[in-house]
Amino acid sequence: MLVKTFCAAVNGLEVTTVTVEVSMSRGMQFHLTGLADTAVKESYDRIKAAMANNGFKMPSMDITVNLSPADIKKEGSGYDLPLAIGILASSGKVDTARLDKFMLVGELGLDGRLQPVRGALPIAIKARKEKFQGLIVPQQNIREAAVVNQLDVYGMTSLMDVVKFLNGDNTYEPTVIDTRREFYEQQNAYELDFSDVKGQQSVKRALEVAAAGGHNLIMIGPPGSGKSMLAKRLPSILPPLSLAESLETTQIHSVAGKLNRDTSLISQRPFRAPHHTISQVALVGGGNNPQPGEISLAHNGVLFLDEMPELSRSVLEVLRQPLEDRKISISRSKYNVEYPCSFMLVASMNPCPCGYYGDPNHQCVCTPGQIQRYMNKISGPLLDRIDIHCEIQAVPFAQLSQMEPGEPSEKIRERVIRARNIQTERFSALSVGEGGSRNRIHCNAQMSEKMLHDFAEPDAASLDMLRMAMERLKLSARAYSRILKVARTIADLAGSEKVQTVHIAEAIGYRNLDRGDWAERGI
């Protein structure tokens, strides 16, 4: 008897419907075809034990299983459930009347319990697109899968539950989640706030500009000056995620298996802070079984690189292309995947190996050669792609001892949202290429060269100031574009329609590390 069940293969963020074809004939062997990896091939042993522990017996027949389309590689343990149901249905233990209405995914334990799988959310989106009536997933994946509306999503705990459901022996209700209510309730629940930060007004201003325009930023200063403290509070002043951004971000975390069981949609912008020992693959993604890297997990959020020069230079250099393109294409001999990675890069570093070069309160013990080598760990092309360079000093005791809290994140966020709303209106009719929201222009940092001429054209006085800055600092053409983008953001914060000289001046002031005398003068 030939029986078909349905599941899905996840490759990057792309999902392909997979038809599990099970045929039985006289014999005693098990054949599995369709480019299955080791985890899928091992499913026979898990299915056999799960059946035995739930009162079923593996049929004493020649079983041939084909995973169609056969030319797409099948990876992971999520094929256990559709394989088991296909075998049981082919042997007459499961009613086949409703098999074509449901997509199934889940890993089987030896006791028949369903274990969670990766990628439940993009699979649910695919099931709705393919007009399936419902999706059956492990109970642990129910919240992320039930985000998708117009699809009946059932969370099951065991193989026996699925058998009873398909046979009509038990009635189960699909899980319904009020996605919008949960999403908006959790948007402003930040534990860290800028009111905790004493002093550092210039750095707070730089972070506000960065948040308003989506600009990359680097902070340089001695240990204990508050670089990490400020960076960790940056998400609290970023504009809230839209539902479209949240869905896209949640899909990436679902594919990576990073979603908590109680999470339906990610409601706050991601903040990723990998250790400086991270490898290239862990940062950008890939591996034997391709997974999103840290830059993709930070999509629509912040990637914080603390002590940036301590990262391997080869690791830092792989950031250059993703920072420009806002996507990463990983090509290997056996696969080709693409992940979005539109993130804000926020980095921090000390001014020298000992950390106290230019600090009035500590004596630096580094030689000029050591300082220069330390600074050279960050290449010029990478530094060019960082819009804002911000110097930071340790806070004096007089400011630390003040009891009054600083300006709260809520007030700063209001100004950021007003500036972002101006940008949203400006770019509402513009997009880059195809791909919906993924390629739409959201902020000034994403502007193309043509958009700079349309929206950030400097006047004659500003142009003279820019020319002098370019000549004195020996800036590159990319740095010139970055200055205009930052100036456009500063103008938006001020509510100015035109980019004025004062906005250009402030933007030039954020190119501190481009100054040739920086390492000689100290901070």
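Hey, any hits in the stretch 196-218 for a residue that's more than 30 Å from residue 310 (Cβ to Cβ) and either out of contact with any Lys or Arg (no Cβ under 8 Å at 6 or more places or on another chain) or open to solvent by 20 Å² or more (accessible area, probe 1.4 Å) (or both)? First the steps, then the outcome.
So in the stretch 196-218, the residues more than 30 Å from residue 310 (Cβ to Cβ) come out as none.
Scanning the stretch 196-218, I find no residue that is more than 30 Å from residue 310 (Cβ to Cβ) and either out of contact with any Lys or Arg (no Cβ under 8 Å at 6 or more places or on another chain) or open to solvent by 20 Å² or more (accessible area, probe 1.4 Å) (or both), so the answer is no.
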Mind checking which pairs have a first residue in the stretch 69-90 that is under 14 Å from residue 289 (Cβ atoms) and touching a residue at least 60 places away in the same chain (Cβ under 8 Å) and a second that is assigned to a helix (DSSP H, G or I) and open to solvent by 10 Å² or more (accessible area, probe 1.4 Å), Cβ under 6 Å, 6 or more apart or different chains?
76/39
Within the stretch 313-369, the residues that are over 19 Å from the mean Cα position of the chain (by Cα), small (Gly, Ala, Ser) and modelled with pLDDT of 90 or more are 314, 348
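In the stretch 47-102, what count of residues is obtained for those that are hydroxyl-bearing (Ser, Thr, Tyr) and either out of contact with any strand residue (DSSP E or B) (no Cβ under 9 Å at 6 or more places or on another chain) or assigned to a helix (DSSP H, G or I) (or both)? Write out each step before concluding.
Filtering the stretch 47-102 down to residues hydroxyl-bearing (Ser, Thr, Tyr) leaves 60, 64, 68, 77, 79, 90-91, 96.
From what is left, the residues that are either out of contact with any strand residue (DSSP E or B) (no Cβ under 9 Å at 6 or more places or on another chain) or assigned to a helix (DSSP H, G or I) (or both) are 60, 90.
Adding up the residues that qualify gives 2.
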Among (1) touching a helix residue (DSSP H, G or I) at 6+ places or on another chain (Cβ under 7 Å); (2) in a loop (DSSP other than H, G, I, E, B); (3) free of Cβ contacts under 8 Å to residues at least 60 places away in the same chain - the single one residue 32 does not satisfy:
(2)
Failed criterion for residue 65 (all others in (1) more than 20 Å from residue 135 (Cα to Cα); (2) surrounded by fewer than 23 Cβ atoms within 10 Å (Cβ to Cβ) hold):
(2)
Number of positions in the stretch 219-234 that are open to solvent by less than 10 Å² (accessible area, probe 1.4 Å), within 20 Å of the chain's Cα centre (by Cα) and not small (Gly, Ala, Ser)
1
Members of the stretch 37-64 found to be touching a Ser or Thr at 6+ places or on another chain (Cβ under 8 Å) and either within 15 Å of residue 9 (Cβ to Cβ) or among the polar types (S, T, N, Q) (or both), listed by number:
39, 40, 43, 54, 64
Selection within the stretch 386-402 - out of contact with any Pro (no Cβ under 9 Å at 6 or more places or on another chain), part of a loop (DSSP other than H, G, I, E, B) and among the hydrophobic types (A, V, I, L, M, F, W, C)
386, 395
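The values are calculated or read from the model by the stated rules, or taken from the named source; none is laboratory data. Just so it is clear, the model here is predicted, and its values are computed rather than measured. Quick reminder, even Gly has a Cβ in these numbers, built from the backbone with ideal geometry, and neighbours come from all protein chains shown. Just so you know, the surface numbers come from the protein's heavy atoms only, side chains and all, with ligands and any DNA or RNA stripped out. Shrake-Rupley method; radii C 1.70, N 1.55, O 1.52, S 1.80 Å.
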